[in-house]
Amino acid sequence: MSESIIETDVLIIGGGPSGTSAALSLLNYTRLNVTVVEQSDFSSTRVGEHVSPSIFDVLDYLKLSKEDFENGSFLPVYASKSYWGNDQASTINTIFATDEATYQLNREKFDFKLVETAAERGATIYPRTKCLDYKQQANKNWQVTLKHPAEGEFNVHAKYLIDATGRSANVTRKIGGASKKYDTLVGAGMFLELDDPSKKFEQTIESVELGWWYITCLPSNKIVVSFFSDADILSEHKIHQLKNWKKLLQETNHIKHLLHNSRAISNKLWVRNAQTQLTDTNDLERFVAIGDAATSFDPISSMGIGFSMSSAIYAAKHISQELEEGVSTINEYQKDLLRNFNQYHQIKTRYYKEEKRWPSSKFWLRRN
Ligand SMILES: Cc1cc2nc3c(=O)[nH]c(=O)nc-3n(C[C@H](O)[C@H](O)[C@H](O)COP(=O)(O)OP(=O)(O)OC[C@H]3O[C@@H](n4cnc5c(N)ncnc54)[C@H](O)[C@@H]3O)c2cc1C
């Protein structure tokens, strides 16, 4: 192992929207220096893209505007259709509805701009880097052992550690925090390309006996279509296999018709955990979980990206209070998370209860 030790004020594990928003907040509004560790090379497929217009207020706080992003990063969406509870279309924005246009993101462009800006404003970024070990020292500082494919192993000393690893809450679990899962929702989907850009359609949700489907147009004439159900139902019906997924898609009443003018970009399904989850890190000092690592929401809510960024901003304010003013207020952050989560959980439960067409379906029984 290399003997070199890197000193940083705040070490952020995970370079998704929450990790980079925390980095930007700290760089913009404090004198703390920041290091971000990301396991990937930032080129992996990212899913989840529907955001409310309040994303621009969050970006404004991070000193970024819509114009700073590459063309084609945002596609406005003016309505969405849902076949939920019955087979009649109802037009809504999201279940957490707003009357304004919402947006579909090009996630690769969006996430990349955030990380690029964090690097430009002074963050040290380690891509393709794994975390091997976390130790908290007697003075509460952290020593984290990292491994980079070219640089080998090295240690980082940090005054504060942030878990921004997404739904896996990888760091929290390794250092003894607890995560409560409320379901085992999984999404299995595919990206397609629209042959004729004039044939764009509204974002559509359709519930079926085993779960629900979601389809939407994305920037750059792409489409994403995904099926959501519980992990055991997906494996019981082998829906991870493309032929079974396609068969189920053909059994929809509406979504299948929206795919007539498109072709698959790849014949591979992506599969992602999409469970509702709440992490408890109350007993841990100089540590905070943000974004999906703190609270992860059912994608039906379209709350994940906005929350991941705003939770990062609030966490950064508390970190600054503790490291620059010597006052720990992180418990207030935990209380806010819980309040926000309880509100979300009530609305989500009410929404699922509206679907009563399949009283003996395992998926809907669990939600009624
Ligand atoms: C199928 C699906 C659809 C969704 N749809 C929407 C939607 O329409 N709208 C919406 O707002 N939200 C949606 N979401 C949720 C949204 O994607 C997340 O809320 C958002 O990405 C959370 O950002 P994050 O930075 O907390 O985590 P992530 O985006 O998951 O980023 C975590 C980062 O940490 C890295 N990482 C993980 N472990 C380690 C480690 N040990 N060391 C180093 N790096 C690590 C990962 O590589 C990744 O880059 C959806 C989610 C799913 C699964």
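Brief remarks on what is shown
- Residue within region 122-132 that is more than 18 Å from residue 40 (Cβ to Cβ) and not β-branched (Val, Ile, Thr) present: yes
- Odd one out for residue 10, checked against (1) in contact with a Leu (Cβ under 8 Å, 6 or more places away or on another chain); (2) among the hydrophobic types (A, V, I, L, M, F, W, C); (3) within 14 Å of the ligand (Cβ to nearest atom): (3)
- Candidates in region 195-207 are the residues that are surrounded by fewer than 22 Cβ atoms within 10 Å (Cβ to Cβ) and not polar (S, T, N, Q); of these, the one that is nearest to residue 256 (Cα to Cα) is 206.
- Within region 323-345, not a single residue is outside any helix (DSSP H, G or I), hydroxyl-bearing (Ser, Thr, Tyr) and buried (at least 17 other Cβ atoms within 10 Å of the Cβ).
- All conditions in (1) away from the ligand (no atom under 13 Å from the Cβ); (2) over 24 Å from the mean Cα position of the chain (by Cα); (3) of a type in the set (D, E, K, R) hold for residue 116, with the sole exception of (2).
- Selection from region 298-336 of residues that are in contact with a strand residue (DSSP E or B) (Cβ under 9 Å, 6 or more places away or on another chain) and more than 13 Å from the ligand (Cβ to nearest atom): 316, 318, 319, 322, 323, 330, 333, 334
- Complete set of residues in region 116-140 that are in contact with a Leu (Cβ under 9 Å, 6 or more places away or on another chain) and not charged (D, E, K, R): 117, 118, 122, 123, 126, 129, 131, 132, 134, 136
- Region 28-42, residues that are within 11 Å of the ligand (Cβ to nearest atom) and either in contact with a helix residue (DSSP H, G or I) (Cβ under 8 Å, 6 or more places away or on another chain) or among the aliphatic types (A, V, I, L, M) (or both): 36, 37, 38, 42
- Residues of region 283-320 that are closer than 14 Å to residue 337 by Cα, assigned to a loop (DSSP other than H, G, I, E, B) and out of contact with any Gly (no Cβ under 8 Å at 6 or more places or on another chain): 294, 303.
- The set of residues in region 196-248 being over 22 Å from residue 301 (Cα atoms) and aliphatic (A, V, I, L, M) consists of 239, 242, 248.
- Matching residues in region 146-160 - criterion: being touching a residue at least 24 places away in the same chain (Cβ under 8 Å) and more than 12 Å from the ligand (Cβ to nearest atom): 151, 152, 153, 154, 155, 156, 157, 158, 159, 160
Quick grid of which residues meet (1) at pLDDT 95 or above; (2) more than 27 Å from residue 252 (Cα to Cα); (3) within 12 Å of the ligand (Cβ to nearest atom); (4) in a loop (DSSP other than H, G, I, E, B):
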| site | (1), (2), (3), (4) |
| --- | --- |
| 15 | yes, yes, yes, yes |
| 22 | yes, yes, yes, no |
| 26 | yes, yes, no, no |
| 45 | no, no, yes, yes |
| 59 | yes, yes, no, no |
| 91 | no, no, no, no |
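- Residue in region 304-324 that is within 17 Å of the chain's Cα centre (by Cα) and on the phi > 0 side of the Ramachandran plot present: no
- Given (1) away from the ligand (no atom under 14 Å from the Cβ); (2) in contact with a helix residue (DSSP H, G or I) (Cβ under 6 Å, 6 or more places away or on another chain), number of the condition residue 267 does not satisfy: (2)
- Residue 295 fulfils the conditions (1) more than 14 Å from the ligand (Cβ to nearest atom); (2) buried (at least 20 other Cβ atoms within 10 Å of the Cβ) except for a single criterion, (1).
- Unmet criterion (only one of (1) among the small types (Gly, Ala, Ser); (2) within 30 Å of residue 173 (Cβ to Cβ); (3) in contact with a helix residue (DSSP H, G or I) (Cβ under 9 Å, 6 or more places away or on another chain)) for residue 138: (3)
- Filter pass, residue 365 being in contact (Cβ under 8 Å) with a residue 40 or more places away in the chain and at negative phi: no
- From the list 255, 290, the lone residue that is within 16 Å of the ligand (Cβ to nearest atom), β-branched (Val, Ile, Thr), touching a residue at least 40 places away in the same chain (Cβ under 8 Å) and under 30 Å from residue 163 (Cβ atoms) is 290.
The values are calculated or read from the model by the stated rules, or taken from the named source; none is laboratory data. Since the structure is predicted, the reported quantities are computational estimates derived from the model, not experimental observations. Virtual Cβ from ideal backbone geometry, glycine too; neighbours counted across all protein chains shown.
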